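Student: Provided herewith is a single structure, encoded as C-alpha cells, for subsequent inquiry.
Just so it is clear, none of the values below were taken in a lab; they were calculated from the coordinates. For clarity, every value in this text was computed on a predicted model and none was experimentally measured. Don't worry about glycine lacking a Cβ; one is built from the backbone with ideal geometry, like all the others, and counts go over all protein chains shown.
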Amino acid sequence: MRLSATVLVLALTLAACSAQDNCLRSATRDIRALDALIAETEANIARGYAYESREVTRWAWVRYYDGPFDARHHRTLTRCWEPYTDIVRKPVAIDPEAEARKLAALKTRRAALASTAMTAVEDCRRLYPE
C-alpha cells in the first residue's frame with residue numbers, strides 16, 4: 001500500500017510538469033550542475049577547507065513483533081542487530097591555488113555552455129509554447 005501511494009505521488013508530480021518544463025530542465029541540466037560545483041568550490045575557498053562525505057555502516061538494535069496477532073493479541077517481541085547506512089562529513093585540507101584554478105575552469109566551462117543552453121531554452125519555448 002505504501003509503495004502504490006509513492007508511485008501515485010510520483011506520477012502526479014511528473015504529470016504536473018509540462019512538456020516545456022521537461023524540455024527546459026533537460027536543456028539547463030549541465031548549467032545547473034556547473035552552478036552547484038561553482039558554489040561548492042567558492043564555499044571551500046571561503047572556508048579554507050572542504051568536506052569529504054563517505055558512507056559508514058552502523059548497527060542498531062531494532063525491535064519488532066513476530067507473527068500475526070493471536071486471539072489474545074499476543075505477539076512475540078524480537079530484537080536483532082540491523083545495519084543502516086549513515087553519511088559522515090569530514091573536513092579535509094585543500095590547496096587554495098588548486099581550488100582557484102578549478103573555480104576558474106568551472107566558470108570558463110559555464111560561459112562556454114551558456115550560449116548553447118540559451119539556444120536550447122529558446123527552442124524549448126518555441127516548440128512547447130505555454
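Student: So, by mean Cβ neighbours within 10 angstrom, what's the order for 37-50, 83-96 with the highest one leading? If you can, show how the numbers build up before the last one.
Tutor: Numbers: 37-50: 13.9, 83-96: 10.1.
Put in order of decreasing packing, that is 37-50, 83-96.
Student: Let me ask you something else. Suppose R0 equals 30 Å. What FRET efficiency, 1/(1 + (r/R0)^6) with r the Cβ-Cβ distance, do ARG54 and TRP81 give to the nearest 0.05?
Tutor: FRET efficiency, ARG54 to TRP81: 0.90.
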